[in-house]
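These notes concern the structure reproduced below.
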Amino acid sequence: MSLVGVSAAEIAPHRALYSLTLASAKSNSGVVGANGAMIYEWGETCDGWTVEQHFRLHIVYAESEAVDVASTLVTWESKDGLRYRFNEKRLRNGEVEEEIRGEAHLEGAGKGGVAEFERPEQSTITLAPGAIFPTAHTLLLIDKAKTGEQFISRNVFDGASVEAAGQITAVIGPEITPRLEAGVPANSVLANPILARPSWRVRLAFFPADGKSEQPDYELGMRLLDNGVSEDMSLDYGDYTVRTTLDQIEALAKPGC
């Protein structure tokens with residue numbers, strides 16, 4: 001029986017703290033500064049994966065008031081990749097801008113399914129055959145990277161909007177060998193054993209679900225380790241790019257199943 005979420009990857013449950021800074025901005029964007037932080041936690045239960053992410057970013061403009069954006073995301077995904085629960089709240093200047101909550105399921109590997117939303121209002125949408133959920137997508141990236149594949153395109157449903165699965169294209173670079181411990185200061189976050197793993201440079205482009213746009217909504221670059229940890233990330237929103245730096249990381253306990 002082939003299930004969506006069966007993967008050879010040995011995931012390391014972890015909690016990571018990243019700092020956010022402005023990497024670059026187009027001259028016509030008006031953006032002159034950005035800073036913030038992100039806490040990301042990937043946990044494991046006996047039957048699934050949990051993700052909790054807290055994100056905040058303060059954006060400074062040359063000719064208008066600064067803007068504070070923040071989001072909280074909590075999800076659970078079954079290890080067979082067929083069930084998914086999601087809850088995300090996005091704020092702008094302290095006011096709730098959007099809240100999305102619901103659950104989704106697929107009928108089987110490669111088969112379609114449905115997503116049922118509780119917020120912003122009750123609704124149901126159809127997921128086409130071939131759609132997968134976010135953790136299954138990350139596991140797929142790792143498995144394909146190990147085999148040397150350089151380009152992967154999948155339709156991924158993450159519940160970030162009341163839309164069907166959007167297309168994510170991935171470009172994967174060659175394998176990077178683990179850092180040598182002797183070359184890393186003992187007090188550096190990079191000395192953490194959880195980071196002493198093979199990795200790949202990965203560039204993801206996120207396209208809207210309607211499939212009509214040739215340009216992605218945004219792009220994410222990162223160094224993806226074979227245990228699921230991400231470092232050296234960059235978020236490219238088109239007009240400006242935000243760099244994330246890994247400041248702290250700690251391993252979380254695996255369940256005693």
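Bear in mind these aren't lab numbers, they're just calculated from the coordinates by the rules spelled out. Note that the structure is a prediction, hence the values are computed from the model and not measured. Note that each Cβ is placed from the backbone with ideal geometry, even for glycine, and that neighbours are counted across all protein chains shown.
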Of (1) over 18 Å from L20 (Cβ atoms); (2) under 18 Å from the mean Cα position of the chain (by Cα); (3) among the hydroxyl-bearing types (S, T, Y), S213 fails just (2)
What number of residues within the range 116-133 satisfy the criterion of being under 17 Å from A9 (Cβ atoms) and surrounded by fewer than 21 Cβ atoms within 10 Å (Cβ to Cβ)?
0
Picked from the range 229-253 (must be assigned to a strand (DSSP E or B) and among the β-branched types (V, I, T)), the residue surrounded by the most Cβ atoms within 10 Å (Cβ to Cβ) is T244
Of everything in the range 128-155 that's among the hydrophobic types (A, V, I, L, M, F, W, C) and within 14 Å of the chain's Cα centre (by Cα), which residue is nearest to V171 (Cα to Cα)?
L141
Determine which member of the set F117, F86 is more than 20 Å from H137 (Cα to Cα) and in contact (Cβ under 8 Å) with a residue 12 or more places away in the chain.
F117
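Listed here are the residues, each with its yes/no results for (1) among the polar types (S, T, N, Q); (2) in a strand (DSSP E or B); (3) loosely packed, with under 15 Cβ neighbours inside 10 Å; (4) free of Cβ contacts under 8 Å to residues at least 60 places away in the same chain.
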{"position": "A12", "(1), (2), (3), (4)": "no, no, no, no"}
{"position": "A16", "(1), (2), (3), (4)": "no, yes, no, no"}
{"position": "T21", "(1), (2), (3), (4)": "yes, yes, yes, no"}
{"position": "M38", "(1), (2), (3), (4)": "no, yes, no, no"}
{"position": "H54", "(1), (2), (3), (4)": "no, yes, no, yes"}
{"position": "E77", "(1), (2), (3), (4)": "no, yes, no, no"}
{"position": "R101", "(1), (2), (3), (4)": "no, yes, no, yes"}
